[in-house]
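Notes follow once the structure below has been shown.
Only the coordinates and a few stated rules stand behind these numbers; no lab work does. Being a predicted model, the structure only gives us computed values, none of them experimental. Positions of Cβ are generated from backbone atoms using ideal geometry, with glycine treated the same way; all protein chains shown enter the neighbour counts.
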Amino acid sequence: MRSAFTQDGFYPFEGPATIDLSLIPLSIRYKLDRAEIKLHLTQWQKISLDDRQRLLDTPCGTAAEITGYRALLLELIERYFSAPPTSHPLTTDEPWADSSRWPQVVIEQSEKQSTALPPVGRWQALSEMDRHALFVLGRSKHAHEEFIAAMTLFFKDA
């Protein structure tokens, strides 16, 4: 299943601060979760722009790619920071990975934004990366416009 993000690794609704890599793009947030490493915004901003671009460009889909991405992250963390990486292990019940039901944060954010959720089958039809993006935006306290834009993009014909 293909994600809705553009060829350059960004969703169409991500703003200039994300596109210039000042903020962490949603595609990188997904890769960080897949690699089971937490990277804070302050850490992200200490990494050189070239290395941030490298993280954006490096694939992280297959098991081998995830292993390679994690190795790259560990290398960069060692180079830029004196502290070890923050492990962020995945559980077997990640809300964004469960396509059988809407995550509670997405339900709550939809209610706050007065946005109707389409049938759960539409959630199931999204790529895992798109479900992850919507989940991240749903739990954000300041990404309301992006949440609505993501809902529009993902469910424009709902």
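Using R₀ = 35 Å, calculate the FRET efficiency as 1/(1 + (r/R₀)^6) where r is the Cβ-Cβ separation of R101 and D57; round to 0.05.
Numbers: r = 34 Å, r/R0 = 0.96.
Efficiency for this residue pair is about 0.55.
If only Cα atoms are counted, what is the Rg of the chain, and what is its Dmax, in Å?
Values for the chain (Cα only, Rg and Dmax): 15.7, 49 Å.
Determine the relative contact order of the chain: mean sequence separation of Cα pairs under 8 Å and six or more apart, normalised by residue count, in whole percent.
Values: 154 pairs, mean separation 39.1, N = 158.
That works out to 25 percent.
Label point 7 Å out from S87 along Cα-to-Cβ: which residues of the stretch 31-59 have amide N under 13 Å?
Backbone N within reach: 36-38.
Taking the Cα centre of the stretch 16-87 as origin, work out the dipole magnitude from +1 charges on Lys and Arg Cβ and -1 charges on Asp and Glu Cβ, in debye rounded to 20.
Charge dipole, the stretch 16-87, about its Cα centre: 160 debye, nearest 20.
Could you compute the FRET efficiency for K38 and A116, with r as their C-beta to C-beta distance and R0 at 25 Å, rounded to 0.05?
Values: r = 33 Å, r/R0 = 1.32.
The value I calculate is 0.15.
Would you kindly state how much longer the chain becomes between R29 and S48 on full extension, computed as 0.36 nm times their sequence separation minus their alpha carbon distance, in nm to one decimal? Provide the component values of the computation, followed by the final result.
Details: separation 19, 0.36 × 19 = 6.84 nm, distance 1.73 nm.
This chain segment gains 5.1 nm when fully extended.
How large is the dipole of the chain about the Cα centre if only Lys and Arg carry +1 and Asp and Glu carry -1, each at its Cβ, rounded to the nearest 20 debye?
Working: 17 positive and 21 negative charges, 32 e Å.
Computed about the Cα centre, the dipole is about 160 debye.
Would you mind computing the Rg to Rh ratio of the stretch 15-73 from its alpha-carbon coordinates, Kirkwood style for Rh?
Result: Rg/Rh = 0.94.
Report, in degrees rounded to the nearest 10, the 0 to 90 angle that the Cα long axis of helix 144-154 makes with the longest principal axis of the chain.
70 degrees
Along the charge dipole of the stretch 16-87, which of L73, T42, S27 sits closest to the positive end, that is, farthest toward it, with unit charges on the beta carbon of Lys, Arg, Asp and Glu (+1, +1, -1, -1)?
The listed residue farthest towards the positive side: T42.
Please list 22-33, 101-112, 144-155 highest first by mean number of surrounding beta-carbon atoms within 10 Å per residue. It would help to have the intermediate numbers written out before the result.
Values: 22-33: 20.8, 101-112: 16.4, 144-155: 18.1.
Output ranking for 22-33, 101-112, 144-155: 22-33, 144-155, 101-112.
Looking at the stretch 104-154, I'd like the Rg to Rh ratio, where Rg is from alpha-carbon atoms and Rh is Kirkwood's inverse mean 1/r.
Numbers: Rg = 9.8 Å, Rh = 10.8 Å.
Rounded to two decimals, Rg/Rh equals 0.91.
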